[in-house]
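Heads up, the thing below is written out as structure tokens.
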Amino acid sequence: MRPIRLALLLCSLPFVSAAISLQSQSLNTNFARDPQQPIDQDYTDHIHKYTTDPTFTSPLVDYLPASKNVPTPAKVLGDVSGAPNILPYAEDVYKYFRLLAAASPRVKVYTIGHTEEGREQIAVAIADADLLKNADTNKQRLAQLADPRTINFDDAKARDLIDQSYPVYYITGTIHSPETGAPTALMELAYRLAVDDSPYIKFIRSHMVVLITPVVEVDGRDRQVDVYRWHKANPNQKYPHLLYWGHYVAHDNNRDAMGMTLDLTRNVLNTYIDWHAQVLHDLHESVPFLYDNTVGDGPYNAWVDPLLADEWAELGWANVAQMQSFGMPGVFTHGDFDTWSPGYLMFLAAMHNGISRLYETFGNGGADTEKRILDPEEYSRTWYRQNPPWPIVNWSQRDNNNYEQSALLSTISYFAQHTHHFLENYYSKSKRATQKPTLEGPAAYVIAPDAAATNREVELLKVLQRQRVEIQQLSDASTCSIAGEKRGDKPKQETFAAGSIVIRMDQPYSRIADALLDRQFWAPDDPQKHPYDDTGWSFTHLFNLKVVRVTDPAILKAGMKPIEDPATLAGKIDGSGSVIVINNSGQVSLLSAVYKLKGAKIQVAEKAFDADGRHFNAGSLLISNADDKAADALRNLALDGTKISAAPSVPMHDASAPRIAMMHTWLATQTEGWWRYAFDTAGIPYSYISTQTAAKEDDLRSRYDVIIFAPVGHGSTLDIINGLPRWNNPMPWKKSDITPNLQIGDDGTDDIRPGLGYDGLEHLRTFVEEGGLLITSEDTAQFAIETGFAPGVSIASKGDARVVGTVLNTTFVSKDSPVVFGYTGNLPVISANGMAFNISNTIGSRGGRLLMDPYSERPTGRGSLEENDEPLGRKAVEAEKLEKTQPWEAKKLNEEQIRNNFSVIPEQLRPEVILRFNEGKSLLLDGLLDKASSIAEHAVVVNAHLGTGSVLLFGNNPVYRGETIGDYPLVFNAILNHDHLQRTASPAPAPQDQKPSTPDSTSKPTGN
Ligand SMILES: [Zn+2]
């Protein structure tokens, strides 16, 4: 039953009966429709039919204007936007926008790029025809406002430009594929903007361009529609959650605005910059009924212009007030989303002098109308949500579309009324970003030449370039003063050699460079107790580089020239002779070389050596029989080579191209997706298998040298083994007539429910025992430990330590494991939650049995703390010497503890600690760290041994979001040396292992 709405909303009645819907009483005449324009009655009737309550709509969207020649979304959908049971593929969405563009001079469609799987991404521009006709001229004006250097910071000139320009408001939909409502909402929104003659709409389209990308994650959208179709075709069955969204990642596609690894991020930024848009407004669906997190919550990102924070407040609160005036319940803008991390898609705008915004509306993950039952924290009334969502609601996709459109139209209208103001701010923010060196600092970031780091430096510069940051190189040496390390330290002079890279801060997009290269500190007592995402991300640290923050503007006067292609900084070959050496210095493309240089003989030097007057690290590659193409390959890989006259006489082994399997579960695929991304980008081939494949394949070792079991993302060991519950129907994940888009490559299954199983577990164990290398991280490291694959390793208790996506400092423990080849000093890692390991020389959880520490405690008796007690009435007997063990070490066993103890791990199979966390004082690099004592100095990367193979365990995730370039070589070194990870020599025996035993208080019971 739908209430009767008043056709003319201008007509507001002072007294109305309760039977008339709330929004009909609206006094808000800003959004009145044109009484002369006919409405599309059938479409309007269907809008009413699918809206489940009269308060879930507004005067802006409770009718549809009619047009003689412009098709409505029903033309493609067969029903109205938001109709139940209808979820269009991206192709159909595009089809509609192209029909719209063909019918209306107020609409233009542009291809903005393609996804990893080749699907098109579009942007749709909507404005008056003459605005669109002159769009290029407008872009040129906005480009000058975006880069005040082009007008010599002349405010008068800027004012002229602002007077002539119209702004661009960019809306993006459906980056998160299970959040399904935006495409149909945006189809209808575009129709309204093109067709409606309401004064407020006419004002919008004559004062600004609305730019729309209706589907950001196109690969994921098509898979989501597949799943929905399967659900509709199998109405009484359980259907799978969306296992794959994009080709690589799911939800994390909205964490890519720093690394810019994904095509969707690059295409959206390019579009945003090309149009010089003022706003990037991203649509999501997870919160009832509409959370405009434009205001959000603290802490705010420390690198945004304060003007932006004010714009957030202005737009967010105005928008909520407008929605309130329509009587729509459950709309709010303050909330628990902190605005700290710059990783969200919308933040591309915040970091490029625009305005970032994001809506969370309420979606059903499909087009079913459902009874939704909210949690108390969702429907409770709070100071910022005086009109909260309903505790129980019958909710439709149309309701969701009503909220999305009402909020967008009202906020765009507000924006259109204030274009001058927002263009002024846009210019001011661009100007202030370009004046950063003198206004606020720093002046620049500088990277001194360091041949060992150039390969990783190229990776960093490529990210900055994707972010549209200008990069320069010093032509001559330059001396300037550098701030002291700590508050109050005196500045010191530093000279940067010619060839140093300079990221000047007097450029328009200085803020993103500053945010990526600077350090982050999240106070442990910050009122925000639930960081929304990582608290630290310094690319300086995560790329394992030395990047100097220079506040002295003198650096900007030094001679320098722009670098167009950072890749040209590396990839040179010098020297002469028949053997090419690539010094191992932690390059991300060293492993790739083994696959790219087909036909050449490649060996790994196991020790450091000198040749032709040069020093080369252990792990360096020696290439002989290289053909002419080798130089090209090395250049493409940004690997420097040195020709030497003859191979050195150091131990070396052949570097075959290891056969790699990347094993995933059917529980979740996002976190391992970042590993696939890294390997694909590096050009390292692998087979993509599931745990079900491992369950079926009883000789994994004959097929693979290395199996990578990247993190599942909160997968327990039992989940990995058991899979999903079997009490429901099978759920396929494979290509079919109704699901043509589901599969990634060849890897599909008739039923996603079975996990690794106990067969798979045995196959995996045999694989390692027969010499394979299993690489694990976070939850899969836990899996390896809990299933006995890593004798002597256990998970360290975190106690009350707080780590939330924090960059922590680590120290190398093993000096000669091939895993550490090329590394020196410390290595920053990003730790999700402080996971670390305890090491023991025995298996079982009791290996780390607590012994009295004679250095810090002793019983009451004679002497001092440092002396022995000597009981009277008998001769003194010297106790077994107890050695102090470090938190990353295994406790040494004495003869008593070893005797007939089945649990003692043979020396050659004892776990080898590769990396440990630093001590508490020097542990934190970036982000939040509190109460670190229980994890400080504990092992974080361990090489465990089983049979003749190895299990590499990472407490951190070394291959994460394209951000952990500095850690990649740990993984690549391990793969390159997969058959040389066994202990080559027994560890030196502990002194007490050799001593005769004496009675002590820790004897195991012997029944005496
Ligand atoms: Zn979302």
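The values are calculated or read from the model by the stated rules, or taken from the named source; none is laboratory data. Small disclaimer: the values here were computed from a predicted structure and weren't measured. Virtual Cβ from ideal backbone geometry, glycine too; neighbours counted across all protein chains shown. Each accessible area value is taken on the protein alone, full model and side chains, heavy atoms only, with ligands, DNA and RNA left out. Shrake-Rupley method; radii C 1.70, N 1.55, O 1.52, S 1.80 Å.
According to the Cα-based calculation, Rg over Rh for region 393-514 is 1.21, with Rh computed by the Kirkwood formula.
What is the Rg over Rh value, at two decimals, for region 545-656, using alpha-carbon atoms and the Kirkwood definition of Rh?
1.08
For region 616-749, the mean projected area of the C-alpha convex hull, equal to one quarter of the hull surface, is 12.7 nm². With respect to the chain, whose longest principal axis is taken over its alpha-carbon atoms, helix 218-233 is tilted by about 80°. Subtracting the Cα-Cα distance of Asp800 and Tyr758 from their residue separation scaled by 0.36 nm leaves 11.7 nm.
Relative to the longest principal axis of the Cα atoms of the chain, the long axis of helix 135-146 lies at roughly 50 degrees.
The angle separating the long axis of helix 757-769 from the principal Cα axis of greatest extent in the chain is about 50 degrees. With contacts taken as Cα pairs under 8 Å at a separation of at least 6 residues, region 527-667 carries a relative contact order of 31 percent.
Can you pull the percent of Cα pairs in region 449-515 with separation above 15 Å? Cα-Cα pairs of region 449-515 separated by over 15 Å account for 63 percent. The chymotrypsin sites (Phe, Trp or Tyr not before Pro) of region 365-400 that DSSP puts in a loop, and whose beta carbon has at most 11 other beta carbons within 10 Å, are Trp383.
For the chain, the fraction of 1.4 Å probe accessible surface lying on carbon and sulfur atoms is 51 percent. Here the simple spin-label model places points 7 Å from the Cα toward Cβ, and for Thr766 and Ala879 these points are separated by 5.0 nm.
When only Cα pairs below 8 angstrom with a gap of at least 6 residues are kept, region 414-527 shows a relative contact order of 33 percent. Measuring r between the beta carbons of Asp130 and Trp383 and using R0 = 51 Å, the FRET efficiency lands at 0.65. Principal semi-axes of the equivalent ellipsoid, √(5λ) from the alpha carbon gyration tensor of region 557-605, are 29, 14, 11 Å from largest down.
Pairs of Cα atoms nearer than 8 Å and 6+ residues apart set the relative contact order; for the chain it is 10 percent.
Other residues within the sphere of radius under 14 Å centred on the Cβ of Glu672, judged by their own Cβ, net out at -3 (K and R +1, D and E -1). Rg and Dmax of region 715-833, both derived from C-alpha coordinates alone, stand at 19.1, 56 Å. Restricting the trypsin sites (Lys or Arg not before Pro) of region 439-530 to loop positions (DSSP other than H, G, I, E, B) with no more than 13 neighbouring Cβ atoms within 10 Å leaves Lys486, Arg487, Lys529. Residues of region 68-106 falling in the label zone of Glu117, defined by backbone nitrogen less than 16 Å from a point 7 Å along Cα to beta-carbon, are 88-93. Using heavy atoms of the protein chains and a probe of 1.4 Å, the accessible area assigned to Ser624 is about 30 Å². Normalised by 2.2 N^0.38 Å, where N is the number of residues, the C-alpha radius of gyration of the chain stands at 1.04. For region 717-818, applying the loop criterion from DSSP together with a ceiling of 15 other beta carbons within 10 Å to the trypsin sites (Lys or Arg not before Pro) yields Arg726, Lys734, Lys735, Lys815. Spherically averaged projected area of the convex hull of Cα atoms, region 772-841: 5.8 nm². The residues neighbouring Gly955, those whose beta-carbon lies less than 14 Å from its own, together hold a net charge of -2 under the Lys/Arg +1, Asp/Glu -1 convention. What is the local net charge at Ser481, summed over the other residues whose Cβ is closer than 11 Å to its Cβ (Lys, Arg +1; Asp, Glu -1)? Its environment carries a net charge of 0. Distance cut-off 26 Å, Cα to Cα: go down the list Lys607/Lys643; Lys431/Lys561; Lys49/Lys735; Lys95/Lys462; Lys95/Lys429 and report the pairs above it. Long pairs (Cα-Cα over 26 Å): Lys49/Lys735; Lys95/Lys462; Lys95/Lys429.
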